[in-house]
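Enquirer: Pasting a structure below so you can have a look.
The values are calculated or read from the model by the stated rules, or taken from the named source; none is laboratory data. Everything quoted here is computed from the prediction, not taken from an experiment. As a convention, Cβ positions derive from the backbone with ideal geometry for all residues, glycine included, and neighbour counts pool all protein chains shown.
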Amino acid sequence: MNKTLLECVMEHSVTIAHAGLGSAGLYQAYELAAQGYYVHAYDPNRRRIAAIRSGSLSDPDLCMDQLLLVQRKKKLNIYDDLDEMPDKADIVTLSVPSGLECHVAPDPLLTAGRILADRYSGSGQVWINRSTCAPGTTRALWRDVKFPNLVFSAERREIGHRERRIPICIASTTELGSKVASYLLAPTGSEIISSDSLETCELSKLLENAYRYMNIAFVNALSRSIPSDMLRKAIDIAATKPFGFMPFYPGAGVGGPYQSGAVRQLISWIGDSESCSVLLMSMALYSEMLHMRVMASRVAECARSVGARSIHFITVSWRNGVSAATVNDSPRVRIMAELLQDGWSVSYFDRDVSSLTIDGHELISTELLPEESSYVLVVTPTTTINDQYPYVYQL
């Protein structure tokens, strides 16, 4: 007798195709593999794939030994070449930032969603989107698949606190999609919050991120005029009120440069002409400026603490294949601009970007040799080169 998909899920005998191995996507793929599912995960970023395969990442929620173990057991199989992925999958999951989050075109979320639809439209029975996106995106991505059991359930974990049981929000177009997603995504007994609408659930995630981002920007703005110690103590006192206040502190905040994407997606969905959008955009632009300023200050502080005379960035683009024409919106380039403005000597190396012009400064991609790095702080996205240079800052 043929088993139902839900029975196969409960027996861990389904094949899962996953796209997106950033911080959230990798954690999601690992969690499924650690439960015993066979996960085939794709990401075009070859540097990222190499770091995952070698276990050289730095992630507060992932044990590198466990990450390597699920790969050795063939539970988690990762690819940077889509043609090497299996031809069929029972369940498809997606966790990719949108173009409005990472300032690139074409939109990585739409691209990945369409790639999955083209490859698995005939075999994928449940389609789960875990990406932060504007209302209507999940339905638009996969409207033409053969089995339209569509699910939206965004990532909600608190980075660095994976032990916390945070309610999981799930919306699906069908009862089967809801049951499968509940079993896959909440195996530890987390509370499930069900929504009757994909679009409502998508909007709830945008509200969560935009609320956090705007409040962090607010306290960062205050910190430019109020002494840090005084401001933090005032926030601590205000946080004792049991309602109407949630504490946010000056700094970069959790979520990094992707935080403003939620605001931009809200604006895109509401419409640029609305007065609310005008207010949101002005706040988003100011918030981004403050965020980059905070990150640049942290890099500079680290450089001063080790006696570095210059700062060298390894990779400046968002992903492989980004041209110099679009790379200037990259957070690393914007942080470099802040450092140049403060008088720091800045250089970089990126195979995809041979040259850059930042506020009148002409920079050429130049590889830094270890023997030349005695007084240089090296800023890198991974830990793979930590033993090559004396001073490294991971960003």
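Enquirer: Those residues that are in contact (Cβ under 8 Å) with a residue 12 or more places away in the chain, part of a strand (DSSP E or B) and exposed (fewer than 12 other Cβ atoms within 10 Å of the Cβ), I need them from segment 341-393; list them, please.
Expert: Correct list: Ser355 only.
Enquirer: For segment 329-340, indicate whether the set of residues that are at pLDDT 85 or above and either within 25 Å of Ile52 (Cα to Cα) or not in a helix (DSSP H, G or I) (or both) is non-empty.
Expert: Taking every residue of segment 329-340 in turn, at least one turns out to be at pLDDT 85 or above and either within 25 Å of Ile52 (Cα to Cα) or not in a helix (DSSP H, G or I) (or both).
Enquirer: Would you confirm whether any residue within segment 42-54 is buried (at least 19 other Cβ atoms within 10 Å of the Cβ) and over 21 Å from Arg351 (Cα atoms)?
Expert: Yes, there is a match, as at least one residue in segment 42-54 is buried (at least 19 other Cβ atoms within 10 Å of the Cβ) and over 21 Å from Arg351 (Cα atoms).
Enquirer: Is it the case that some residue within segment 146-157 is free of Cβ contacts under 8 Å to residues at least 24 places away in the same chain and surrounded by fewer than 15 Cβ atoms within 10 Å (Cβ to Cβ)? So that I can check it myself, show each step before the final result.
Expert: As a first pass, look at segment 146-157 and keep what is free of Cβ contacts under 8 Å to residues at least 24 places away in the same chain: 147.
Keeping just the survivors that are surrounded by fewer than 15 Cβ atoms within 10 Å (Cβ to Cβ) gives none.
Looking through segment 146-157, none of the residues is free of Cβ contacts under 8 Å to residues at least 24 places away in the same chain and surrounded by fewer than 15 Cβ atoms within 10 Å (Cβ to Cβ).
Enquirer: Let me ask something else about it. Hey, can you tell me all the residues within segment 114-124 that are buried (at least 22 other Cβ atoms within 10 Å of the Cβ) and part of a loop (DSSP other than H, G, I, E, B)? I'd like the intermediate steps shown before the answer.
Expert: Going residue by residue through segment 114-124, those that are buried (at least 22 other Cβ atoms within 10 Å of the Cβ) are 116, 120, 124.
Gly124 - this is the single residue of segment 114-124 that is buried (at least 22 other Cβ atoms within 10 Å of the Cβ) and part of a loop (DSSP other than H, G, I, E, B).
Listed here are the residues, each with its yes/no results for (1) more than 30 Å from Pro44 (Cα to Cα); (2) out of contact with any Lys or Arg (no Cβ under 9 Å at 6 or more places or on another chain); (3) modelled with pLDDT of 90 or more; (4) assigned by TED's automatic domain parsing to the domain that holds Ile358.
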site: Asn209; (1), (2), (3), (4): no, yes, no, no
site: Asn215; (1), (2), (3), (4): yes, yes, no, no
site: Asn220; (1), (2), (3), (4): yes, no, no, no
site: Ser225; (1), (2), (3), (4): yes, yes, no, no
site: Tyr249; (1), (2), (3), (4): yes, no, no, no
site: Ser260; (1), (2), (3), (4): no, yes, no, no
site: Trp269; (1), (2), (3), (4): no, yes, no, no
site: Leu280; (1), (2), (3), (4): yes, no, no, no
site: Ser317; (1), (2), (3), (4): no, no, no, yes
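Conditions (1) assigned by TED's automatic domain parsing to the domain that holds Arg130; (2) within 21 Å of the chain's Cα centre (by Cα); (3) more than 15 Å from Gln71 (Cα to Cα), marked per residue:
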position	(1), (2), (3)
Ala19	yes, yes, yes
Tyr30	yes, yes, no
Ala33	yes, yes, no
Tyr37	yes, no, no
Ile49	yes, yes, no
